[in-house]
Amino acid sequence: GNSAIASVATDEQLARFGPTWAAMAITEPSFGSDSAAISTTAVKDGDEYILNGEKIFVTAGERADSVVVWATLDKSLGRAAIKSFVVQKGTPGMKVERLEHKLGIRASDTAVIMFTDCRVPAENILGTPEIDLKGGFAGAMATFDNTRPLVAAMAVGCARASLDLTRDVLKQAGIEIDYDKPAFSQSAAAATFLQLEADWEAAYLLTLQSAWMADNREPNSMEASMAKAKAGRMGSDVTLRCVELAGTLGYSETDLLEKWGRDSKILDIFEGTQQIQQLIVARRILGLTSAELK
Ligand SMILES: Cc1cc2nc3c(=O)[nH]c(=O)nc-3n(C[C@H](O)[C@H](O)[C@H](O)COP(=O)(O)OP(=O)(O)OC[C@H]3O[C@@H](n4cnc5c(N)ncnc54)[C@H](O)[C@@H]3O)c2cc1C
């Protein structure tokens, strides 16, 4: 949510919402990957918008100070009419229905939120209220150029922690990893470990590049998707191989390797799945639109 605010808010909105903690509500029961299919509605009424709809799997939806809600001003106008609205916690008409039980990131709440005639001040619409039929969805989608490098960085962090702990476990078992010698001249466990390090480094470099571009306001949609695709997959692969390499210590809840293995999977799913990132990269490389390559 904070990335959405940072990407599309006016200076006045940044001053108002910037210091608060915002969740992000895009996904609905009828869609996930196809974020253009939003059916939550926003209807202007005087100096307010009235929101109606259901949002699911909202990370931090219960605990955050506010939720950035994606809704359509007019579904018949397609993507261009999708706007985002900052809804403060406790606004009448906004209700957390339930929290999900899930595989990983269990310290983070994941909420189903209903919006029923929920009135938000008109000045809480992020970006312009006008419907720009030419490039309207681009503003909302720009959010992902900032959030995907962040999710990639989480995968890089989880995998790094797993590798560091696994190296210690291997060392205690008498297996030293020599970074200066070829993998084929070392034990099978050490050779596997070196492969994981190489995979990690590729993801790390892509993540740095996409984050640097975002920080410097350079167009980075393709690089953000490349980093997210590579790091998302690497995170799951590396953390689970570390579970394997560490044997019972890897599987036991007494250490953190099993937790990092579970926590990594979501990083290959939210903010656009592995397959969606690959699709975006392919479109960029081939110069095709989302209508031409689905
Ligand atoms: C723990 C958790 C937290 C989440 N937090 C948030 C949040 O804070 N805010 C929010 O809005 N959403 C959130 N989500 C939702 C998340 O963004 C969606 O789950 C994700 O976008 C995928 O959508 P879906 O689950 O409907 O899967 P679907 O879109 O139904 O996809 C199912 C499978 O089909 C594949 N697929 C779909 N379309 C294509 C295609 N065109 N080509 C090839 N393959 C395709 C997908 O990659 C996936 O493997 C969260 C989800 C989870 C599990």
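The values are calculated or read from the model by the stated rules, or taken from the named source; none is laboratory data. No experiment lies behind these values; they were computed from the predicted model shown. Note that each Cβ is placed from the backbone with ideal geometry, even for glycine, and that neighbours are counted across all protein chains shown. Accessible surface areas use protein heavy atoms only, side chains included; no ligands, DNA or RNA. Shrake-Rupley method; radii C 1.70, N 1.55, O 1.52, S 1.80 Å.
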Tally, over the range 24-56, of residues that are within 9 Å of the ligand (Cβ to nearest atom), in contact with a strand residue (DSSP E or B) (Cβ under 7 Å, 6 or more places away or on another chain) and part of a strand (DSSP E or B): 5
Just to be sure before I move on: is Ala203 within 16 Å of the chain's Cα centre (by Cα) and surrounded by 13 or more Cβ atoms within 10 Å (Cβ to Cβ) in the structure I sent? yes
Restricting attention to the range 51-104, report how many residues are among the hydroxyl-bearing types (Ser, Thr, Tyr), within 19 Å of Gly1 (Cα to Cα) and modelled with pLDDT under 95. 1
Scope the range 22-40; condition touching a residue at least 24 places away in the same chain (Cβ under 8 Å), surrounded by fewer than 17 Cβ atoms within 10 Å (Cβ to Cβ) and hydrophobic (A, V, I, L, M, F, W, C); matching residues: Ala36
From the options Ala214, Ala227, residue that is under 18 Å from Val281 (Cβ atoms) and modelled with pLDDT under 95: Ala214
If you check every pair at least six apart or on different chains, which have Cβ atoms under 9 Å apart with a residue in the range 57-82 that is within 15 Å of the ligand (Cβ to nearest atom) first and a residue that is acidic (Asp, Glu) and open to solvent by 30 Å² or more (accessible area, probe 1.4 Å) second? Phe57/Glu100
Sole miss for Met114 among (1) part of a helix (DSSP H, G or I); (2) away from the ligand (no atom under 12 Å from the Cβ) is condition (1)
State yes or no: is Phe85 surrounded by fewer than 21 Cβ atoms within 10 Å (Cβ to Cβ) and either of a type outside the set (Lys, Arg) or in a loop (DSSP other than H, G, I, E, B) (or both)? no
Restricted to the range 85-111, and to residues that are within 11 Å of the ligand (Cβ to nearest atom) and more than 14 Å from Arg63 (Cα to Cα), which residue is farthest from the chain's Cα centre (by Cα)? His101
Looking at (1) under 25 Å from the mean Cα position of the chain (by Cα); (2) surrounded by 15 or more Cβ atoms within 10 Å (Cβ to Cβ); (3) not in a strand (DSSP E or B), can you tell me which one Arg63 breaks? (2)
Residues of the range 261-294 being among the hydrophobic types (A, V, I, L, M, F, W, C), out of contact with any strand residue (DSSP E or B) (no Cβ under 8 Å at 6 or more places or on another chain), open to solvent by 50 Å² or more (accessible area, probe 1.4 Å) and at pLDDT 95 or above, which ones? Ile269, Ile285, Leu286, Leu288
Does Glu258 meet the test of being more than 15 Å from the chain's Cα centre (by Cα), at pLDDT 95 or above, away from the ligand (no atom under 16 Å from the Cβ) and loosely packed, with under 13 Cβ neighbours inside 10 Å? no
